[in-house]
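Computed from the coordinates by the stated procedures, all read-outs in this text should not be read as laboratory data. If you're wondering where the values come from, they're calculated on a predicted model, not measured in any experiment. In this analysis, Cβ positions are derived from the backbone assuming ideal geometry, glycine residues included, and neighbour counts consider all displayed protein chains.
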Amino acid sequence: TPKRHWWHNAAIYEAYPASFKDSNGDGIGDIPGLISKVEYLSTLGIDAVWLAACYRSSGVDMGYDVVDYRDIDPQYGTVQEIENLIAKLKAHDMKLIMDLVVNHTSDEHAWFKESRSSLKNPKRDWYFWRKGRQVRLPNGMYERQPPNNWESIFKGSAWEYDKLTDEYYLRIFSKQQPDLNWDNPQVRKAVYMDMMFWLDKGVAGFRMDVINMISKPLGLPNAPVKNPKSPWQDATALFCNGPKVHHFLREMRTSVLDRYGDDIMAVGEVICTDNPEDVRAYTDPDRCELNMVYTYDLFGIDMGPGGKFTPRPWTFAEFKHDVTRWQQALAYSKGAWQTTWLESHDSARCVTRFGDRDPKNREKVAKMLALLQSTLGGTFFLYQGQEIGMINLDPKIPLSKYPDLETQRTFESMLTAYAAHYDIPVERIDMSPVLEQVHLKARDHSRAPLPWTTSSTSEPHAGFSHAPASTKTWSPMNTDSAICNIESQLNALDSVLVYYRHRLDLRKRFAETIIFGDFEPVESTLDDGGVFAYWREPLVSEAKKAKGKDAVGARDVLVVLNLSNQEGVEFEMPQVGEGEAVKFFTLDDTYGMEADG
Ligand code: TEU
Ligand code: CA
């Protein structure tokens, strides 16, 4: 089995800088705000903070459009404050992981400005510049069209025309996010230097944004036409996991990360990849690339084929299958590693997405999901607000108040597509089914500022910011802070927050079984029923393995979850060997009872 590192059994907390804590009253979270809450994270049982993108940015995609990798956006603070944060975290035995957004830069980044300036600029080849295609129209005229048919992840063409040099540049996200050309060794060197700037300051690793997109296929060929109604086609299969991605990552590991010892952590955002072999290729320790990646089955389980704002009915059977599949495919005993996560700044709230949305069940849903996630193997990721069971924004908040560009563009492109399809004006399209999906899945839900206290006249922003009521927070806040805030949950023994704290603690106490052990579902619960039961087994010695997995002592923890909203579902306890110790976790006990065979 692979060498052990600190990150294997770490609980990592994603802090979204704009929404964690505002220290200066401008309605936007900031680094000093985060520094002021380090003790809170420490008592929660957190080992490292992953700080979502906070570099100087053009502010189009909430920091994922970076203008300067060596600077912090002034709305969040300064480089010095990041150093202070690292020091304060260290004093509490915690580490800092920074985001690394290097598939693309902002169009305001100095590299892009140079690249754009002329055909001859030495940085021209740092991005993908191509001539347009001249397409002959039925009327005999010619029209200029993008170099290929790739669709942007944020909709429309993935190419942007630039008049200055009469060429297009590739930008798979928004037009302000041009893709870097990693085939150019100077680009890689420049990125590596910027990474070292942060490693020198003591960051413990990186979360690498869409890192499996950095190698584009030779010749940038058209994607196959899957949607004949649109000129733009899904090209993720072409630009994800491209020809040189493993070469680049190995180079990054051996020439950059390894200089700082073998303990630097690299977690990859590897999108549109659901084959375990492809995932293992990134995380196999012998290949010296990444340590772990996020997998996306549960993230996409409710997204239909027409995109994230189309519905997809999912079943318990599927949910259980998805969990089981990855737990087994990336088991530590197989030399692999994985992450366990339910929320991020790109998802909506798990309580709303997976629960029945009945207010009286929300706490139970939150705790059940906490129990599920905390009894799965791998590095544990908690997204801010998940620990208090936050739910999605109040549906009464109008879409126009949602700041996320992905939400806005996706909604708009659906509207235009429907209008064209039915050939009626946009005003006459009934968008209520789409809005319902926005209320379920928009990224804005998880980006709502954290409620630290109950909202009141003296605390108009629930302790997130001391700004006056007349100052709006950068993104709308949840309206339920009276029943869901950190302060009151810290003081209530039966709160979701206290529950998470105990689960994280228990996870570490039984690390060999829960974090590193094998996962074995109770087969009879893999149907579409409400029960999901699984064994967590400590790594068995070779001798025990030879005796078979039913050997006495091989099984250690049985988790039985009721996913349904019905009480009294039945579950028949599996036979337990004589003298075999079984620990029961139930929603209501703090630590679980312990019983013998
Ligand atoms: O996300 C990559 C990504 O693919 C998402 O845009 C995802 O498709 C979407 O959120 C699904 O709803 C990363 C960052 O995490 C995200 O915040 C950025 O917007 C994106 O890259 C561009 O940098
Ligand atoms: Ca602020």
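If you rank D93, D444 by fewest surrounding Cβ atoms within 10 Å, what's the result?
Values: D93 9, D444 23.
Sorted ascending by nearby Cβ count, the order is D93, D444.
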- Which Cα, out of L330, Q408, W50, lies furthest along the positive dipole direction of the chain (beta carbon charges, K/R +1, D/E -1)? Q408
- Item | Relative contact order [Cα under 8 Å, 6+ residues apart], segment 110-170, whole percent | 30 percent
- Given the C-alpha centroids of segment 448-527 and segment 22-61, what is the distance between them in whole angstrom? 16 Å
- Efficiency of FRET between L539 and M573 - r from beta-carbon atoms, R0 25 angstrom, step 0.05: 0.55
- Label-reachable residues, segment 76-92, where backbone N falls under 19 Å from a point 7 Å from D26's Cα toward its Cβ: 76-85
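For D234, D358, what's the fewest-to-most ordering of other Cβ within 10 Å of each Cβ? Intermediate results must be reported in sequence, preceding the final value.
On the way: D234 18, D358 10.
Ranking D234, D358 by Cβ neighbours within 10 Å, fewest first, gives D358, D234.
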- For segment 88-105, in order, what is each residue's ³J(HN,Hα) by Karplus, 6.51 cos²θ - 1.76 cosθ + 1.60 with θ = phi - 60°, in whole Hz (x at glycine and Pro)? 5, 4, 4, 4, 9, 6, 10, 10, 10, 10, 9, 7, 10, 10, 10, 6, 9, 10
- Relative contact order of the chain, defined on C-alpha pairs under 8 angstrom at six or more residues apart (%): 13 percent
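According to the Kirkwood expression over distinct Cα-Cα pairs, how big is the hydrodynamic radius of the chain, in Å?
Working: mean 1/r = 0.0392 Å⁻¹.
Taking every pair of different Cα atoms in the chain, averaging 1/r and inverting gives 25.5 Å.
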- Contour minus Cα-Cα span, T43 to D358, at 0.36 nm per residue, comes to 110.3 nm
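For segment 225-298, what is the charge dipole size about the Cα centre, in debye to the nearest 20, if Lys and Arg each add +1 at the Cβ and Asp and Glu each add -1 at the Cβ?
380 debye
So what's the net charge close to P468: Lys and Arg +1, Asp and Glu -1, counting the other residues with Cβ under 14 Å from its Cβ? Each step should come with its number before you reach the end.
Values: positive: K472; negative: D22, D26, E459.
Spelling it out: positives minus negatives among the neighbours equals -2.
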- Item | Electrostatic dipole magnitude of segment 267-328 [Cβ: Lys, Arg +1; Asp, Glu -1; Cα centre; debye, to 20] | 240 debye
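Grab the beta carbon distance between N139 and N491, set R0 = 60 Å, and tell me the FRET efficiency rounded to 0.05.
0.25
With a 10 Å Cβ neighbour count serving as the proxy for reagent exposure, in which order, fewest first, do L330, L238 appear? Don't jump to the answer; show the numbers that get you there.
Working: L330 23, L238 18.
Result, fewest neighbours first: L238, L330.
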- Task: Rounded to whole Hz and in sequence order, give me ³J(HN,Hα) for segment 470-483 from the Karplus expression 6.51 cos²θ - 1.76 cosθ + 1.60, θ = phi - 60°, writing x for Gly and Pro.
- Result: 6, 8, 7, 5, 4, 9, x, 9, 5, 9, 10, 4, 4, 10
- Item | Length added when fully stretched, R4-S524, from 0.36 nm per residue minus Cα-Cα | 183.8 nm
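Using DSSP to call loops (not H, G, I, E or B), can you name the chymotrypsin sites (Phe, Trp or Tyr not before Pro) in segment 454-509 whose Cβ has at most 16 other Cβ atoms within 10 angstrom? Kindly include the intermediate steps, with their values, before the conclusion.
On the way: sites: F464, W474, Y499, Y500; in loops: F464, W474.
Taking segment 454-509 and a limit of 16 other Cβ atoms within 10 Å, no loop chymotrypsin sites (Phe, Trp or Tyr not before Pro) are found.
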- Query: With each pseudo-label sitting 7 Å past Cα toward Cβ, what's the S230-M431 distance in nm, one decimal?
  - Reply: 1.7 nm
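Rg to Rh for segment 110-170: what is it, with Cα atoms only and Rh by Kirkwood? Present the calculation step by step, with values, prior to reporting the outcome.
Numbers: Rg = 13.1 Å, Rh = 12.6 Å.
My calculation of the ratio gives 1.04.
About the Cα centre, and with charges only on the beta carbon of Lys, Arg (+1) and Asp, Glu (-1), how big is the dipole of the chain? Nearest 20 debye, please.
Details: 68 positive and 85 negative charges, 347 e Å.
Dipole about the Cα centre, nearest 20: 1660 debye.
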- Quick one: which of K3/K201; K120/K216; K401/K441; K113/K175 span more than 18 angstrom between C-alpha atoms? K3/K201; K120/K216
- Task: Work out, step by step, the length gained on full extension between S117 and K401: first 0.36 nm times the residue separation, then minus their alpha carbon distance; give nm to one decimal.
- Result: 98.6 nm
- Amide H contacts under 5 Å for A235, restricted to residues at least 5 apart in sequence or on another chain and with H modeled in the peptide plane, are E151
- Item | Cα extents of segment 1-110 along the three principal axes, largest first (Å) | 43, 38, 20
- Query: By DSSP, what percent of the beta bridges with both residues in the chain are antiparallel, rounded to the nearest 5?
  - Reply: 55 percent
- Query: What residues qualify as long-range amide H neighbours of K95, i.e. H under 5 Å apart, gap of 5 or more or another chain, H built at 1.01 Å from N?
  - Reply: A48, V49
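DSSP loop (so not H, G, I, E, B), at most 16 other Cβ within 10 Å: list which trypsin sites (Lys or Arg not before Pro) in segment 221-310 pass both filters. All intermediate terms of the calculation are to be shown ahead of the outcome.
Working: sites: K226, K229, K244, R250, R253, R259, R280, R287, K308; in loops: K226, K229, K244.
Answer by residue number: K226, K229, K244.
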